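Since every read-out is calculated from the coordinates, none of them should be taken as a lab result. Nothing here was measured: the structure is a model prediction, and the numbers come from that model. For neighbour counting, all protein chains shown are included, and Cβ atoms are generated from backbone atoms with ideal geometry for every residue, glycine included.
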Amino acid sequence: MHWNFLQRPAQPNHEPIDHALRAMGNGDCDALRLLYAASAPEIYAFALSCLRHPQDAEDVLHDCLLRAWENAGSYRSQGKPLAWLLTIARNLCMDRLRQQRRFTDLPLEEQTPCISSAELPVEERIVLEATLSTLTDAQRQIVTLHAVGGLKHREIASLLNMPLGTVLSHYRRALKKLRQSLEQEAEQ
């Protein structure tokens, strides 16, 4: 079996996001469509990793892009447009969690549709879901942000307000658990 989802993701191209944000700041309505195309998977994956509920994550994605539209005039390009968007998303997630005060446990397949997509064969998806269920919430969130969002560990630490060492430690432990689980599956 080929387990390509553990490989280091390619670094995301931030140029289309940066361009769309600057264009939105100048009132370009079409730029919102471009921003959605360039950033929606990462924003959704992040929101899902925080909220663990697909509908809530979709709402945060929508609200995040609206906030980006409203605040695009104050956006200053510093080479990290995705971090700017994910900060907005994080604040929206925290607001939602405070308002709802709920922590539901959904089946893993509902928690991680961004990772267990139709691109993977069914057998690999089942194994991925089983291995992800062995991770803690923090580990799953960090792996999701790195693997799906393509964020660097330093960016994840900043976004989650965690020390870099903690993020690295969670990530290493998560990879170790994932590898062990995958090796056990391969032996069967």
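As a proxy for reagent exposure, ranking Met24, Met94 by other Cβ atoms within 10 Å from fewest up yields Met94, Met24. Label-to-label distance, Ala37 versus Tyr75, with points set 7 angstrom from Cα along the beta-carbon direction: 1.5 nm. Maximal additional length on extending the Cys29-Asp59 stretch stands at 8.8 nm, based on 0.36 nm per residue less the C-alpha distance.
Segment 48-62 and segment 129-188 have Cα centres separated by 19 Å. Computed packing ranks the peptides 67-80, 46-59 as 46-59, 67-80, most packed first, by mean other Cβ atoms within 10 Å. The simple spin-label model puts a point 7 Å past each Cα toward its Cβ; for Thr166 and Arg154 those points are separated by 2.0 nm.
Between Asn91 and Glu185, take the C-beta separation as r, use R0 = 45 Å, and let me know the FRET efficiency to the nearest 0.05. Working shown, then result.
Numbers: r = 38 Å, r/R0 = 0.85.
Approximately 0.75, to the nearest 0.05.
Please check which bits of segment 43-73 a label hung off Arg98 would reach, taking the label as a point 7 Å along Cα-to-C-beta and the cut-off as backbone N under 17 Å. Flagged as within label range: 51, 60, 64.
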